[in-house]
Amino acid sequence: MRMFQVDAFTDRPFAGNPAAVLVLDDWLSDDLMLSIAQENNLAETAFTRPRPDGGWDLRWCTPAMEVDFCGHATLATAHILFTEHDAPGPLVFHTRIGTLQVSRAEAGYQLDLPSLPPEPLDALPPEAASSFATPPRRIFRNFENLFAELDSADAIRSFQPDLAALSGLGREGLVITARGEDRADFISRYFVPGAGIPEDPVTGSIHSTLVPYWAERLGRDRLTAFQASARGGWLGCELAGDRVILTGQAVTFMEGRIFLP
């Protein structure tokens, strides 16, 4: 069985966020798909299969669990379908979070994701609060993550999370964000050790909430975002009503053949 590894939200290998992609005729068993994700030990392994209506079913697994929403592995999957399978675009993916769409664009690919506006949060749970020496400027959440705005881009880069405590959140993650500098309107980092991802290099899904948040704060619907992990990655962002449009590139790093029991 063929498997690809793609670096998403980057135009060069060894940057962005790596994801494995398997294009299937039909689903493997849940246990086998999770075992493949554990063997890959990447933030996400994506599994997709064609639908009779011309769309695609899409699922994502971390090394610890199947997840509801992943942007970078959606981008990686679209890249493989476009480049290796000559799939016509736009690609329509049916997922746990709803319908996602990916199109070719001059600057790479465009991901059409749901907008998940920030929900008010009175206080961080103790598992997250222990990571902060001083209280964040603002806190909020969506259905799967906690968010904290810090004072500056420097504060984002120097942040030292308490990963042992954060693992107690389970599949819930912590996003930190701040106003950007230079090219970036805002920057972020993302930690979800309870799902097997100590720090995610570049995350599409969190921008479904970060984009409406910063669009309101900055008074603009078009923004440029940088995720300030060690690998780093850039995202073009647009708030379009109840959708978030992300623009990014992807490169194939590896093609391999896996042998299943």
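A short reminder: the numbers here are calculations on the coordinates, not readings from a lab. Given the structure is predicted, the values throughout are model-derived calculations rather than measurements. Positions of Cβ are generated from backbone atoms using ideal geometry, with glycine treated the same way; all protein chains shown enter the neighbour counts.
Listing for the model above:
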item	result
Filter result for residue 67 (within 19 Å of residue 103 (Cα to Cα) and under 20 Å from the mean Cα position of the chain (by Cα))	no
Residue 21 being in contact (Cβ under 8 Å) with a residue 12 or more places away in the chain, crowded, with 17+ Cβ neighbours inside 10 Å, touching a His at 6+ places or on another chain (Cβ under 6 Å) and β-branched (Val, Ile, Thr)	no
Residue list for the range 32-41, restricted to those being within 18 Å of residue 171 (Cβ to Cβ) and buried (at least 19 other Cβ atoms within 10 Å of the Cβ)	33, 37
Any hit, the range 217-227, residues being surrounded by 20 or more Cβ atoms within 10 Å (Cβ to Cβ) and basic (Lys, Arg)	no
Residues located in the range 90-148, provided they are touching an Asp or Glu at 6+ places or on another chain (Cβ under 6 Å) and more than 21 Å from residue 166 (Cβ to Cβ)	94, 96, 97, 101, 115
Any hit, the range 102-120, residues being free of Cβ contacts under 8 Å to residues at least 24 places away in the same chain, within 24 Å of residue 216 (Cα to Cα), buried (at least 18 other Cβ atoms within 10 Å of the Cβ) and more than 15 Å from the chain's Cα centre (by Cα)	no
The range 238-261, residues that are closer than 23 Å to residue 138 by Cα and buried (at least 22 other Cβ atoms within 10 Å of the Cβ)	244
The listed residue being among the acidic types (Asp, Glu) and in contact with a Pro (Cβ under 8 Å, 6 or more places away or on another chain), out of 127, 181, 149	149
Matching strands (runs of 3 or more DSSP E) fully within the range 217-261 where at least 2 residues are at negative phi and either basic (Lys, Arg) or over 14 Å from the mean Cα position of the chain (by Cα) (or both)	222-227, 233-240, 250-257
